[in-house]
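Peer 1: I have a structure I would like to understand better, so I am pasting it below and will then ask my questions one at a time.
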Amino acid sequence: MVRNLISIAVVALTTAISVFAQQTEEQRVESLLQQMTLQEKIGQLNQLSVGGFDQNTAGMMRSGLVGSILNECNPKVLNRYQKAAVEESRLGIPLIISRDVIHGFKTMFPIPLGLAATFDPELVQQGARISAVEATASGIRWTFSPMLDIARDPRWGRIAEGSGEDTYLDTQMGVAMVKGYQGEVIDQTSMAACVKHFVAYGAAEGGRDYNSTGVSERTLRNVYLPPFEACVKAGAMTLMTSFNDNDGIPSTGNGFLVNDVLRGEWGFEGFVVSDWASISEMINHGYAENNKHAGELAFNAGVDMDMMSYSYISHLEELLNEGKVSMEAIDNAVRSILRVKFRLGLFENPYIDEDKVESAFYSAEALEAARKSAVESAVLLTNNGVLPLDKSKVKTVLVTGPMADAPHDQLGTWTFDGDPAHTVTPLKAIKQLYGNDVKVIYEPGLTYSREFNDDGIAKAVKAAKKADVILAFMGEEAILSGEAHSLVDITLKGDQRKMIEALHATGKPVVLNIMAGRQLVLDHEVAHSDAILYSFHPGTMGGPAIAQLIFGDETPSGKTPVTFPKHVGQVPLYYNHNMTGRPANGREEMLHEIPLRAGQTSLGMTSYWLDCPFAPEFPFGYGLTYTTFEYGATAVGAAEVGTDGVLKVKATLKNTGKKEATEVVQLYVRDLVGSVTRPVRELKGFQRVTLAPGESREVVFELDIQDLAFYGKDMVKKVEPGKFQVWIAGDSASGVLAEFEVK
Ligand code: GLC
């Protein structure tokens, strides 16, 4: 009895404290808001990019006219600016200092597309947490990450920054990063996440960055919005609007997205920042007359903070006086920003401990997590058995190619603060780890990915003759992907293909490692190599990871987070496409098979190209390892299930090879008939399963039928009863299906 009374008292006290703390935060917001002048309120909505200490900018802070800064990372400079805001202004409201911490701050992790290939949200969350610890030590308390843009087009350079083509995988990775950046408990190492770019920016026509998109509301709701909703529900503190106009409306001026969906439907309480100058860019879009009109459109669409358009700071007071924006809306925007600043503890601890900054970087834990992430992000695309190398047989290796010793490019795009001096390249790692086992010859052939150099290739070919195996490190310089770096030709640049062909012609085994910011067209590489290990850009510890995979001290487990096309002309090419009325059946005649003067009847009347098969080079979810896995048939726990039910789906997985390995077991579902057409498959779950040689395990998924809900013809999200197919498989193109019905 007494124990119950005590526990009741504890619960009551805890509740009271949390309510008091909650009211304290809200009360603190309100009491500060009441003290603020209009200019000070508008100042909180103003974000400036700074580089070095500037007295004019500091003066604006002393006047309370700056709410946030970005692009400065020097702790001393940041402390000086923060002092101006906190100690030399009327109300002492701290700045929230921001940075693009996209895949690491100092310790660089694989680019997000590579992190997605791990299919390991826990590992990705750990990496985000480590990035937050490093960045917050430097005073960065807000990152513009995770980038959630679904991307089905590798011509788009920013595919590097996201988690690929699939909504479910993107959601898992985004939520993991939000939790990692912000921390399970908010403290001094918490960095506010910023989910971006809201929305459908990755659907840019032609894969050309910043280009228009034409995504229907239904496809927005079924494909592009779910990752954002999940991250908002996971507590993401901020969100960034996107540059693109979708269906004619720039996202930065789209009240349906921000006011109706984000705040109205999802109850988002954080704040919304524009992308860089995306408010004023609505003038270019032809959507705003001038910067004042652009500010009115953005503000009334729900954008709280203006990144580098100087629109709010210049025109919001005028707009208020003209009755074009409301004081209530300004107060609400300020509340959202102050709430995040209070939540992060900036009022209590606005300054950086300059003595502790350096010690936070490149810890052993950080480097090991980066190495592990690079191991798991590598996808073994082909292997004729040459990998893993047999150290008892291989005595001399040639290390060659423009990415073999490229400390800057190995880090990939959006590497602002990672120091290439800390990069361990494959050349360094192979020498360090295996230099006692094998003789290492290094002849780069090409010194950067775009180089044309016959002499260099000749030197590499000559060196190859002395080696037992050729380890060729090819790919893209970091600058060839990322923002504003789209390509029409997604094959290896420069003389890389020529070099691979020459190396292959030596007759020596060619192991090809590719570091890139996107999936590339690899038909030529497949034909002229014995194995391809695809690493995307693997970050600081990419070298040891790749070396250990090649020499067998690590085993590949990565899976493709995007579809690899056979030809760029197939793009956009993605696994979760609709069936169409005339689906390709794989038996279509190709150009060389078409008889002369053939009539229309001799051609398959299906959805394909005469000069390229419908199928990709490598499908979504694909990846080999150093053993073989065998899947038993998919089985369901019941033939029928209710719309609110949970269906057990299982299959036996067996390691039928000679090495222990980890398989990313995937769960796919197809809704056979809907009120709108539905994808041929959709990923609804995955598990990483490690099996010893010969070991079997029954892998079981609990499929919540509510996860099959979608926006149908009536634009209402619900599960539609009917027949479904389900697969447990090793990629999006394999597996033995089972069927079930939702009643
Ligand atoms: C850039 C990017 C955005 C980034 C911002 C700040 O233009 O679009 O992703 O966070 O500006 O650097």
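The values are calculated or read from the model by the stated rules, or taken from the named source; none is laboratory data. No experiment lies behind these values; they were computed from the predicted model shown. Note: ideal-geometry Cβ built from the backbone for every residue, glycine included; neighbour counts use all protein chains shown. The protein model used for the area step is the full one, side chains on, heavy atoms only, and it has no ligands, DNA or RNA in it. Shrake-Rupley method; radii C 1.70, N 1.55, O 1.52, S 1.80 Å.
Peer 1: Please tell me which of these pairs span more than 20 angstrom C-alpha to C-alpha: Lys650/Lys713; Lys76/Lys356; Lys395/Lys428; Lys493/Lys566; Lys462/Lys498; Lys466/Lys508?
Peer 2: On the way: Lys650/Lys713 32 Å; Lys76/Lys356 12 Å; Lys395/Lys428 18 Å; Lys493/Lys566 16 Å; Lys462/Lys498 15 Å; Lys466/Lys508 10 Å.
Flagged as over cut-off: Lys650/Lys713.
Peer 1: Evaluate the Kirkwood expression for the hydrodynamic radius of segment 565-623, namely the inverse of the mean inverse distance over all pairs of different C-alpha atoms, and round to one decimal in Å.
Peer 2: On the way: mean 1/r = 0.0782 Å⁻¹.
So the Kirkwood estimate lands at 12.8 Å.
Peer 1: Right, next: Return the sequence-ordered ³J(HN,Hα) values of segment 628-634 in whole Hz as given by the Karplus equation 6.51 cos²θ - 1.76 cosθ + 1.60 applied to θ = phi - 60°, using x for Gly and Pro.
Peer 2: Working through the residues one at a time gives 10, 10, 10, 9, x, 4, 6 Hz.
Peer 1: While we're on this one: Could you state the accessible area per residue of segment 39-93 in Å², with a 1.4 Å probe and every protein chain left in place? Kindly include the intermediate steps, with their values, before the conclusion.
Peer 2: Details: 1960 Å² over 55 residues.
Ligands and nucleic acids excluded, the result is 36 Å² per residue.
Peer 1: Given a 1.4 Å probe and every protein chain left where it sits, what share in percent of the accessible area of the chain is carbon and sulfur?
Peer 2: Answer for the chain: carbon and sulfur cover 52 percent of the accessible area.
Peer 1: Hey, another quick one. Provide the gained length on full extension for the span Asp714 to Gln27, in nm with one decimal, where the gain is 0.36 nm per separating residue minus the Cα-Cα distance. List each step's numbers first, then the result.
Peer 2: Details: separation 687, 0.36 × 687 = 247.32 nm, distance 4.21 nm.
Full-extension gain reported as 243.1 nm.
Peer 1: Let me ask another. How many Å² of accessible area per residue for segment 629-742, probe 1.4 Å? Before the final figure, lay out each step's value.
Peer 2: Working: 4970 Å² over 114 residues.
Here the residues of segment 629-742 average 44 Å² of exposed surface.
Peer 1: Within the chain, which whole H helices from DSSP have a Cα span along their axis of at least 18 Å and a mean Kyte-Doolittle hydropathy of -1.0 or more, if any?
Peer 2: Working: long enough: 2-35 (48 Å, 0.43); 121-137 (24 Å, 0.11); 167-182 (22 Å, -0.09); 327-343 (24 Å, 0.05); 364-377 (19 Å, -0.25).
Taking the DSSP H segments of the chain (at least 18 Å long, mean hydropathy at least -1.0), we get 2-35, 121-137, 167-182, 327-343, 364-377.
Peer 1: Let me cross-check His528: its accessible surface, 1.4 Å probe, with only protein heavy atoms counted, in Å² to the nearest 10?
Peer 2: Approximately 40 Å² for this residue.
Peer 1: How long, wide and thick is segment 679-733, going by the Cα atoms along their three principal axes, in whole angstroms, largest first?
Peer 2: Result, largest extent first: 51, 22, 18 Å.
Peer 1: Take every Cα pair under 8 Å in the chain that's 6+ residues apart, average their separations, divide by the length, and report that relative contact order as a whole percent. Working shown, then result.
Peer 2: Numbers: 1814 pairs, mean separation 94.0, N = 743.
Dividing the mean separation by the residue count of the chain yields 13 percent.
Peer 1: Quick one: length gained pulling Ser314 to Val185 fully straight, 0.36 nm per residue minus the C-alpha distance?
Peer 2: Working: separation 129, 0.36 × 129 = 46.44 nm, distance 3.76 nm.
Between Ser314 and Val185, full extension yields an extra 42.7 nm.
Peer 1: Here's a follow-up. Once each part is reduced to its C-alpha centroid, what is the distance from segment 137-188 to segment 421-485 in angstrom?
Peer 2: So the two Cα centres are separated by 30 Å.
Peer 1: Can you compute the radius of gyration and Dmax for the chain, using only the Cα atoms, both in Å?
Peer 2: Expressed in Å, the Cα Rg and Dmax of the chain come to 27.2, 95.
Peer 1: Given R₀ = 45 Å, what would the calculated FRET efficiency be for Val488 paired with Thr37, taking r from the Cβ atoms and rounding to 0.05? Intermediate results must be reported in sequence, preceding the final value.
Peer 2: Details: r = 52 Å, r/R0 = 1.16.
That pair, Val488 with Thr37, gives E of 0.30.
Peer 1: In nm, to one decimal, how far is the modelled label at Glu630 from the one at Ala692, with both set 7 Å along Cα→Cβ?
Peer 2: For the pair Glu630/Ala692, the computed spacing is 1.9 nm.
Peer 1: How many percent of all Cα-Cα pairs in segment 39-93 sit more than 16 Å apart? Write out the running numbers ahead of the final one.
Peer 2: Values: 446 of 1485 pairs.
I get 30 percent for the Cα pairs in segment 39-93 exceeding 16 Å.
Peer 1: Could you pull out every residue, at least 5 positions away or on a different chain, whose amide H is within less than 5 Å of the one on Lys659? Hs are placed 1.01 Å off N in the peptide plane, and Pro or chain starts have none.
Peer 2: Thr628
Peer 1: Turning to a different aspect of this structure: Sticking with the crude label model, points 7 Å out along Cα→Cβ, report the distance from Asn349 to Lys723 in nm, one decimal please.
Peer 2: Each label point lies 7 Å from its Cα, and together they span 6.0 nm.
Peer 1: Quick one: what are the phi-derived ³J(HN,Hα) couplings along segment 716-721, Karplus 6.51/-1.76/1.60 with θ = phi - 60°, whole Hz, x for glycine and proline?
Peer 2: 10, 7, 6, 7, 9, x
Peer 1: So how many Å³ per residue does the convex hull of the Cα atoms of segment 246-362 work out to?
Peer 2: Working: hull volume 18.2 nm³, N = 117.
Hull volume normalised by residue count: 156 Å³.
Peer 1: A follow-up question, please. Roll a 1.4 Å probe over the protein chains and send me the accessible area per residue for segment 255-331 in Å². Don't skip to the answer; put the middle values down first.
Peer 2: Values: 2970 Å² over 77 residues.
Here the per-residue accessible area is 39 Å².
Peer 1: Also, quick follow-up: Taking the Cα centre of each part, how many Å lie between segment 559-584 and segment 121-135?
Peer 2: Centre-to-centre (Cα) distance: 32 Å.
Peer 1: Can you say what percent of the DSSP beta bridges in the chain, counting only those with both residues inside, are antiparallel? Round to 5. Mind dumping the intermediate values first?
Peer 2: Values: 47 of 87 bridges.
Antiparallel bridges make up about 55 percent of those DSSP assigns within the chain.
Peer 1: Ignoring everything except DSSP H segments at least 4 long, calculate the 222 nm mean residue ellipticity for the chain; use -39,500 (n - 2.57) per segment, divide by total residues, nearest 500. Before the final figure, lay out each step's value.
Peer 2: On the way: 18 runs with 209 residues, N = 743.
Helices in the chain give a 222 nm mean residue ellipticity of -8500 deg cm²/dmol.
Peer 1: Gain in length, Ala527 to Lys395, computed as 0.36 nm per residue apart minus the alpha-carbon separation, to one decimal in nm? Don't skip to the end; give the middle numbers.
Peer 2: Working: separation 132, 0.36 × 132 = 47.52 nm, distance 2.55 nm.
The span from Ala527 to Lys395 would gain 45.0 nm if fully extended.
Peer 1: Please report how far the C-alpha centroid of segment 30-79 lies from that of segment 670-738, rounded to the nearest whole angstrom.
Peer 2: 49
Peer 1: May I ask you to evaluate 6.51 cos²θ - 1.76 cosθ + 1.60, the Karplus curve with θ = phi - 60°, for each residue of segment 675-683 and list the ³J(HN,Hα) values in order in whole Hz, giving x for glycine and proline?
Peer 2: For segment 675-683, the Karplus-derived couplings read 6, 9, 5, 10, x, 5, 7, 9, 6 Hz, x marking Gly and Pro.
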